[in-house]
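Visitor: Mind having a look at this structure? Questions to follow.
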Amino acid sequence: PENKELSEKAEALHSRLVRRAIQMDGTCTGEHGIGLGKKGFLVEELGPTNIEFQKHLKRSIDPNNLMNPGKVLDMDSSRTALQRAYSRFMMSFSW
């Protein structure tokens, strides 16, 4: 962003809005899912136990973390060479 001060104010407003929604029993998600901009609020909304359960489910159906790695859940950071190659392959396409 060209204007750092304005960008910081926008980010602060975003955080306040999301937290207000959570406090009012709403959600941090949008109509198209969690989004990278809001995934940091998931633990705040759902709690660490729920997030760990979701990670457990993801590991059971996607043990190599090939499906949308890092999009919603931050899994273990130790990615295999296969995962890195798959990610590079998928990023080579223009979706």
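Visitor: Ignoring everything except DSSP H segments at least 4 long, calculate the 222 nm mean residue ellipticity for the chain; use -39,500 (n - 2.57) per segment, divide by total residues, nearest 500. Intermediate results must be reported in sequence, preceding the final value.
Guide: Working: 4 runs with 50 residues, N = 95.
Here the helix-only value at 222 nm equals -16500 deg cm²/dmol.
Visitor: Taking only pairs that are 8 or more places apart or on different chains, how many Lys pairs in the chain have Cα atoms under 21 angstrom apart?
Guide: So the count of such lysine pairs works out to 11.
Visitor: Estimate the FRET efficiency between residue 71 and residue 7 by the formula 1/(1 + (r/R0)^6), using the beta-carbon distance for r and 22 Å for R0, to the nearest 0.05.
Guide: With a Förster radius of 22 Å, E is 0.45.
Visitor: With every protein chain kept in place and ligands, DNA and RNA left out, what is the accessible area per residue of the chain? Probe 1.4 Å, answer in Å².
Guide: That works out to 80 Å² per residue.
Visitor: Got a number for carbon plus sulfur as a percent of the chain's accessible area, 1.4 Å probe?
Guide: Whole-percent figure for carbon plus sulfur exposure: 57.
Visitor: Which length gain, in nm to one decimal place, applies between residue 54 and residue 20 when the Cα-Cα distance is subtracted from 0.36 nm times their residue separation?
Guide: That works out to 9.8 nm of additional length.
Visitor: For residue 87 and residue 44, compute 0.36 nm times the residue count separating them, minus their Cα-Cα distance, and round to one decimal in nm. Could the numbers behind the result be given before it?
Guide: On the way: separation 43, 0.36 × 43 = 15.48 nm, distance 2.87 nm.
Computed gain between residue 87 and residue 44 is 12.6 nm.
Visitor: Could you tell me the relative contact order of the chain? Use alpha-carbon pairs under 8 Å, at least six residues apart, and round to a whole percent.
Guide: Relative contact order for the chain comes out at 18 percent.
Visitor: Can you give the angle from 0 to 90° between the axis of helix 48-61 and the longest principal axis of the chain, with both taken from C-alpha atoms, to the nearest 10?
Guide: Its long axis makes an angle of about 30 degrees.
The values are calculated or read from the model by the stated rules, or taken from the named source; none is laboratory data. Model, not experiment: these values are computed from the prediction. Backbone-built Cβ (ideal geometry, glycine too); neighbour counts: all protein chains shown. Each accessible area value is taken on the protein alone, full model and side chains, heavy atoms only, with ligands, DNA and RNA left out. Shrake-Rupley method; radii C 1.70, N 1.55, O 1.52, S 1.80 Å.
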